[in-house]
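Quick note: the coordinates plus some simple rules give every number you see, no bench work behind them. As the structure is a prediction and not an experimental result, all values here were calculated from the model. Cβ: placed from backbone, ideal geometry, glycine included. Neighbour counts: every protein chain shown.
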Amino acid sequence: MIDGDLFRKNIKDDLLLRCVSKKEAMKVMGETHEGICGAHQAGIKMKWLIRRYAYSWPEMLKDCITYAKGCQACQRHGPINRALAIELQPIIKLWPFRGWVMDLIGKVYPPSSKQHCFIIVATDYFTKWVEAVPMKSVHQEDVIRFIKQHIIYRFGILESITTDRGSALVAKEVQAFAAEYGIKLLNSTSHFAQGNGQAESSNKTLKGIIKKIVEDNPRVWHKLLSEALWAYRTSQRSSIGVTPFMLTYGHDAVLPMEVTVRSMRFALQNNLTSAEYSESMLIELEDLDEVRLRALDHIQVQKRRVARAYNKRVRAKSFGEGDLVWKTILPIGVNDQKYGKWLPNWEGPFIVYKVLKGGAYHLQDLDGEIHPQQINGRYLKTYYPTMWETMENEAKDG
């Protein structure tokens, strides 16, 4: 005891450490972490600094870690973890034109000479066949018209359509239309491209083709969209091992090169008799089922390979109903006028209201208001109460 204060001697360096009470320890940790000279350091560094200034109490390291984890500023401005939160769940359709994925490309700049600035794109999960139409604007009536004219009237009633949560794609009229035709509308979570991976893949490939053929005059892209679609449909897709055209019609399309440089197929087909031609077509049709079964095997193998690579990057995390969480401020990287560069990365806390399939959640404000849009768990993290709150809760429980 020195002047009424209790000290303990450190065996390693004979330094006298003042023993402080729990209340004094809170003050010391507060000044160390967030005081005038506080740098919002992690718990281990806090413990090192406090000991260097000769303070001590039982479980000092544990308390420092708890205090730092509960700091509201540290949680709000903490880094965004880009790691994936849930394993990949591949979507495999077993037959052509039963399941489609739909998305929008846009807003396209510069717009076309006819003022088109959007492209609505739909891809069949099995054959990878793509339909796309340029549009000046996209409303729910346009979406319904596209589904009718470019999917139903060409390929029949489909089983499901997967979309992101674009306003026109999930509008009430679209939902009513889908219900009338018995079509399931499935939605991926906002700001999570992996949830609509087939659409993102088709969009990327289609945009890549268009970029290269409109280089001289970007404002005619709407005229060249049909050429880009033809190129896409007659190119081999790695996921199926053949072209979408072949998997749809049972034979390869006749391409311009077969006319300019006569291919054997092109040269011989005009010399076939009617009987030989009919027999050849029937053989192709009989072989089509086998081709599609091979494509299905190819899809399954490719999906497993992609899933293995994807799942290696997953850092699993999950939340239960009633948990308090922080939510990433979306879209990432967008500054507002008030904070600018100093905008926090996280907002909250929020309550997990409902746990959905595929690692998605519905959140609820602390005042009870439920968020209409679901969010992927990748953009959530656990909320840690401050040490003061923890002590108050322990006192109440005690």
query = Using the reciprocal of the averaged 1/r over all distinct C-alpha pairs, how large is the Kirkwood radius of the chain in Å?
reply = 26.3 Å
query = Going by a 4.7 Å Cβ-Cβ cut-off, which cysteines of the chain have no partner at all?
reply = Cys19, Cys37, Cys64, Cys117
query = Tell me, what is the percent relative contact order of the chain, built from C-alpha pairs under 8 Å that lie six or more residues apart?
reply = 16 percent
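Using a/c under 1.5 as the rounded threshold, could you call segment 126-189 rounded, prolate or oblate? The axes a ≥ b ≥ c are square roots of the C-alpha gyration tensor eigenvalues, and prolate needs a/b larger than b/c, oblate otherwise.
In terms of gyration-tensor shape, rounded.
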task = Using per-residue counts of other Cβ atoms within 10 Å, averaged over each peptide, order 56-64, 15-23, 130-138 from highest down.
result = 130-138, 56-64, 15-23
query = Could the peptides 360-370, 119-129 be put in order, highest first, of the mean number of other beta-carbon atoms found within 10 Å of their residues?
reply = 119-129, 360-370
message = Let's test the formula: R0 of 51 Å, r as the Cβ-Cβ distance of His298 and Cys37. What FRET efficiency results, to the nearest 0.05?
response = 0.20
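Need one number: the % of Cα-Cα pairs in segment 29-91 sitting beyond the 15 Å mark. The partial results should precede the final answer.
Working: 1089 of 1953 pairs.
Cα-Cα pairs in segment 29-91 separated by more than 15 Å: 56 percent.
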ask   = Which GluC sites (Glu not before Pro) from segment 244-332 combine a DSSP loop assignment with at most 13 other Cβ atoms within 10 Å?
value = Glu321
inquiry  = Using each residue's phi in segment 8-19, evaluate 6.51 cos²θ - 1.76 cosθ + 1.60 at θ = phi - 60° and report the 3J(HN,Hα) Karplus result to the nearest Hz, with x for Gly and Pro.
reply    = 10, 9, 6, 5, 5, 10, 6, 6, 7, 10, 6, 7
query = Which whole-Hz ³J(HN,Hα) couplings does segment 115-131 yield from phi under the Karplus relation 6.51 cos²θ - 1.76 cosθ + 1.60, θ = phi - 60°, glycine and proline marked x?
reply = 6, 6, 9, 9, 10, 8, 10, 10, 10, 6, 4, 7, 7, 6, 5, 10, 10
ask   = In a Debye calculation with equal point scatterers on the alpha-carbon sites of segment 200-293 and no solvent, what is log10 I(q)/I(0) at q = 0.11, 0.15, 0.20 Å⁻¹?
value = -0.46, -0.77, -1.07
Where labels lie 7 Å past Cα in the beta-carbon direction, separation of Thr234 and Ala316 in nm = 4.8 nm
task = Give Lys23/Lys45; Lys128/Lys148; Lys47/Lys317; Lys9/Lys62 a once-over and call out the pairs whose C-alpha atoms are over 23 Å from each other.
result = Lys47/Lys317
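Using mean Cβ contacts within 10 Å as the protection proxy, how do 71-79, 211-219 order, highest first? Intermediate results must be reported in sequence, preceding the final value.
Working: 71-79: 15.0, 211-219: 12.0.
So the order, starting with the most tightly packed, is 71-79, 211-219.
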